[in-house]
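Undergrad: Would you mind keeping the following structure in view while I ask a few things?
The values are calculated or read from the model by the stated rules, or taken from the named source; none is laboratory data. Remember, it's a predicted structure, so these values are computed and weren't measured experimentally. Cβ sites come from the backbone with ideal geometry, for glycine too, and all protein chains shown count toward neighbours.
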Amino acid sequence: MSVAVIESAAAAAPMRLPPLRAVFQPIVRFESADLLGYEALLRGPEGSPLASPEALFRLAVSPAETMALEVQAARAALARFAELQLPGALFVNFSPMTLRHLLADHGRGMAALLANTVAPGRVVIELTEQTRIGDMAAFADAMAVLRDLGLRYALDDFGTGHANLDLLVQLTPQFIKLDKSLVHGVASCSRRLELMRTVLSLADALGISVIAEGIEDNEELAVLRDLGVPFGQGYLLGRPLPEPSQAPPHDVVQALGSRQIAVFPQVVRSGWTGPNAGKLLRRAPTVRPEQTNNEVLALFHAHPGLHALAVLDPEGRPIGIINRQSFIDRYAAPFHRELYGKKACILMAHREPVCFDREATIETMAKSLASGNQRYLADGFIITDGGRYAGLGTGADLIRAVTEIRMEAARYANPLTFLPGNIPLNQHVDRLLDAGAAFCACYVDLNHFKPFNDQYGYWKGDEMIKGAAAILADACDPVRDFLGHVGGDDFLVLYQSPDWNQRARGAIARFNRAARELYDADDRAAGGIHGEDRHGRTAFFPMVSMAIGAVRVAHGVARTETDGWRLGSSHIAAAAAAAKRDAKKDPSGFAVVDLTPTLGPGGPSEERSEGRPH
């Protein structure tokens, strides 16, 4: 059906449209802080009850009117985009129903719509979910026409509604636009962050670029940038306007170009072991290859939650899998029941099902995720025991399991304070070094803690450590600074805050005052306690105090290499430990060294720069 046919069909209907406007929202490329392009959004007359796209689409009471409205909106967007001479690509929204008609007859309708407006190579079609797709195989064939015309396409609102894994696998778009529900909270919720990592890994395996929608604050922008999301869209980056800017806002450019790296939220879990394929197993009925398609349909109707059916040979070995959605979509086609209802179901099965033994690890299964064999994300997979059928698994369950494993790998938290431990600390140091960021690594230790713990007991000792953790956390900017618990009474703070010196000195003062209150009155009056030293001799120990040894790392120091040697997290840890020893000897409890760019096989050189306050 051509554009003219769509519009003439709608002309017979009573719908009367007001003048349509197009507004454009920028899509920003994070790496270079310039524009990938704009999404065109439909608007009615400004200030009228029909200004919103929802109000306009409520005017359409038939499929023909809906298609005509979409085509007119696209025509207005293309014309205005060309008139404004905006840079980059134009993202234009279409429902599956309208696309199916525009791409019929080798895409004559789409070609006519684009004629004399915007070059096809600069147009990206956004597939919206206003209507269901129906026959997926036929729609995939229609979408292939877009490539023949030189257009690219994007899957909109990925992560909600109909924008699911099945579409991702079968349509293989050039872009996916992550719904704002996946983006909001990514800077504060560790589970959202790990889900984002999983989606990015999946998109990378499929060769698809990701656009994060709904970005509204700088923290989200920084985390998304550092996660490797290539493109973004949202009010922070630019609102939809009739005449949009041709460059991102200055503060966005600054944020994207900042050498500071985002602090990722950490997951804290304990007592967790990764599942194997058997733990993803779902019991489900099966069919034999000679059973009819009508029998398969009856099974799907009898089991609404059943996503697929395995086809087994007489020995119980899987020889095929039937996807529920694909099967029902095909069955809904005219005369399909009459033609194929009594035929063998193996004719509609995928003959090469993905199978995993029930003892297969999630890591093994995840490798298939990146190997190019993506069908099981939609069809699911078959779990076997000794080669025979045991049950089914779903792509969604596998994604969740992979996400949990990633969260576990990022955990390694101290069980007392729930702060990140050595591995997350090392990972954050490496991220700072790789980015060439300027930062200060502050190694924190408590002087005379062991005698206090021995005399007052582990409960009060734990209270003191937790108090130190709370004071140090309060001395950090959670957006810029990373606090970890190395173990025992040792902590490490990785500061990017410019006022880190005052924060660290303030933490020392606060802790030293608070520590006194954990002693009995007599011990406070005496200024300490008597106890045994490491040699078993009785000695007097002053009250517990905090010592901080700081190592300042300048911009780009980590990127300097000499004879193949490169600065790493172990060198930062060693330098910070040395600075801590200096701090413990200094009456102020504070010492700072600068890590200079003079590097060599022996490691970085350090220069003592501070001790007691001047």
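Undergrad: Which residues, counting only those in segment 290-320, are over 19 Å from Arg337 (Cβ atoms) and either part of a helix (DSSP H, G or I) or under 34 Å from the mean Cα position of the chain (by Cα) (or both)?
TA: Within segment 290-320, His303, Pro304, Gly305, Leu306, His307, Ala308, Ala310, Gly320 meet the criteria.
Undergrad: Give segment 7-64 a look and list any residue that's at pLDDT 85 or above, of a type in the set (Gly, Ala, Ser), surrounded by 16 or more Cβ atoms within 10 Å (Cβ to Cβ) and more than 30 Å from Leu227 (Cβ to Cβ), or say none.
TA: Matches in segment 7-64: Ala22, Gly44, Ala64.
Undergrad: Got at least one residue in segment 122-133 being farther than 23 Å from Ile176 by Cβ, surrounded by fewer than 21 Cβ atoms within 10 Å (Cβ to Cβ) and at pLDDT below 90?
TA: There is no residue in segment 122-133 that is farther than 23 Å from Ile176 by Cβ, surrounded by fewer than 21 Cβ atoms within 10 Å (Cβ to Cβ) and at pLDDT below 90.
Undergrad: Name the residues in segment 19-54 that are touching a strand residue (DSSP E or B) at 6+ places or on another chain (Cβ under 9 Å), more than 18 Å from Gly238 (Cβ to Cβ) and either polar (S, T, N, Q) or not in a loop (DSSP other than H, G, I, E, B) (or both), would you?
TA: Ser52, Pro53
Undergrad: Okay, moving on. Looking at Ala525, Ala547, Ala515, Ala554, which is the one that is more than 30 Å from Glu219 (Cβ to Cβ) and in contact with an Asp or Glu (Cβ under 8 Å, 6 or more places away or on another chain)?
TA: Ala547
Undergrad: Anything in segment 542-558 that is modelled with pLDDT under 80 and over 23 Å from Asn422 (Cα atoms)? List them, or say none.
TA: Hit for segment 542-558 is Gly556, nothing else.
Undergrad: Considering each of Asp251, Asp217, Asp204, Asp148 in turn, give the residue that is farther than 26 Å from Leu90 by Cβ, surrounded by fewer than 18 Cβ atoms within 10 Å (Cβ to Cβ) and of a type outside the set (Phe, Trp, Tyr).
TA: Asp217
Undergrad: List pairs: first residue in segment 84-101 and assigned by TED's automatic domain parsing to the domain that holds Glu243 and without any contact (Cβ under 8 Å) to a residue 40 or more places away in the chain, second residue outside any strand (DSSP E or B) and among the charged types (D, E, K, R) anywhere in the structure, Cβ distance under 6 angstrom, at least six positions apart or on different chains.
TA: Close Cβ pairs (under 6 Å, with a partner that is outside any strand (DSSP E or B) and among the charged types (D, E, K, R)) amount to Phe94/Glu70.
Undergrad: Could you list all residues from segment 139-168 that are modelled with pLDDT under 85 and small (Gly, Ala, Ser)?
TA: Gly159, Gly161, Ala163
Undergrad: List the helices (runs of 4 or more DSSP H) inside segment 487-595, counting only whole elements, that have at least 2 residues being in contact (Cβ under 8 Å) with a residue 40 or more places away in the chain and under 20 Å from Ala468 (Cα atoms).
TA: 500-516, 569-585
Undergrad: Can you go through Ala212, Ala222 and tell me which one is more than 18 Å from Phe91 (Cβ to Cβ), in contact with a helix residue (DSSP H, G or I) (Cβ under 7 Å, 6 or more places away or on another chain) and crowded, with 19+ Cβ neighbours inside 10 Å?
TA: The match here is Ala222.
Undergrad: Something else now. With the condition kept exactly as written, say whether any residue in segment 236-243 is in contact (Cβ under 8 Å) with a residue 40 or more places away in the chain, touching a Phe, Trp or Tyr at 6+ places or on another chain (Cβ under 9 Å), exposed (fewer than 14 other Cβ atoms within 10 Å of the Cβ) and not acidic (Asp, Glu).
TA: Yes: one or more hits.
Undergrad: Could you tell me which numbered condition Asp462 fails, if it satisfies all but one of (1) among the acidic types (Asp, Glu); (2) surrounded by 18 or more Cβ atoms within 10 Å (Cβ to Cβ); (3) in contact with a Leu (Cβ under 8 Å, 6 or more places away or on another chain)?
TA: Going through the list (1) among the acidic types (Asp, Glu); (2) surrounded by 18 or more Cβ atoms within 10 Å (Cβ to Cβ); (3) in contact with a Leu (Cβ under 8 Å, 6 or more places away or on another chain), Asp462 breaks only (2).
Undergrad: Just one of the numbered conditions (1) at pLDDT below 95; (2) crowded, with 19+ Cβ neighbours inside 10 Å is not true of Ala77; which one?
TA: (1)
Undergrad: Taking segment 394-413, which residues are at pLDDT 80 or above and not small (Gly, Ala, Ser)?
TA: Residues satisfying the conditions are Thr394, Asp397, Leu398, Ile399, Arg400.
Undergrad: Among all residue pairs at least 6 apart or on different chains, which show Cβ distances below 6 Å where the first residue, located in segment 53-70, is within 16 Å of Val92 (Cβ to Cβ) and the second is at pLDDT below 85 and in a helix (DSSP H, G or I)?
TA: Matching pairs, first to second residue: Met67/Ile6; Ala68/Ile6; Ala68/Glu7; Ala68/Ala10.
Undergrad: Any residue in segment 492-500 that is more than 29 Å from the chain's Cα centre (by Cα), exposed (fewer than 14 other Cβ atoms within 10 Å of the Cβ) and at negative phi?
TA: Yes; the residues of segment 492-500 include at least one that is more than 29 Å from the chain's Cα centre (by Cα), exposed (fewer than 14 other Cβ atoms within 10 Å of the Cβ) and at negative phi.
Here is a yes/no grid of residues against (1) at positive phi; (2) not β-branched (Val, Ile, Thr):
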{"site": "Arg75", "(1), (2)": "no, yes"}
{"site": "Ala89", "(1), (2)": "no, yes"}
{"site": "Thr98", "(1), (2)": "no, no"}
{"site": "His106", "(1), (2)": "yes, yes"}
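Undergrad: Given the structure, is Leu167 in contact with a helix residue (DSSP H, G or I) (Cβ under 7 Å, 6 or more places away or on another chain) and either in contact (Cβ under 8 Å) with a residue 12 or more places away in the chain or basic (Lys, Arg) (or both)?
TA: No.
Undergrad: Another question, then. If you take the residues of segment 312-352 that are of a type in the set (Val, Ile, Thr) and in contact (Cβ under 8 Å) with a residue 40 or more places away in the chain, which of them is surrounded by the most Cβ atoms within 10 Å (Cβ to Cβ)?
TA: Top of the filtered list is Ile321.
Undergrad: A further question on this structure: Return the total of residues in segment 298-310 being of a type in the set (A, V, I, L, M, F, W, C) and in contact (Cβ under 8 Å) with a residue 40 or more places away in the chain.
TA: Result for segment 298-310: 2.
Undergrad: Also, I was wondering about something else. Looking at this structure, is Asp454 touching a strand residue (DSSP E or B) at 6+ places or on another chain (Cβ under 7 Å), farther than 25 Å from Ser258 by Cα and surrounded by fewer than 19 Cβ atoms within 10 Å (Cβ to Cβ)?
TA: Here the answer is yes, as Asp454 does meet what is asked.
Undergrad: Considering only residues that are outside any loop (DSSP other than H, G, I, E, B), over 14 Å from Leu347 (Cα atoms) and touching a strand residue (DSSP E or B) at 6+ places or on another chain (Cβ under 9 Å), which ones fall in segment 274-289?
TA: Once the filter is applied, which keeps residues that are outside any loop (DSSP other than H, G, I, E, B), over 14 Å from Leu347 (Cα atoms) and touching a strand residue (DSSP E or B) at 6+ places or on another chain (Cβ under 9 Å), segment 274-289 yields Asn276, Ala277, Gly278, Leu280, Arg282, Thr286.
Undergrad: From the set of residues in segment 432-450 that are touching a residue at least 40 places away in the same chain (Cβ under 8 Å) and of a type in the set (D, E, K, R), which is nearest to Ala576 (Cα to Cα)?
TA: Asp445
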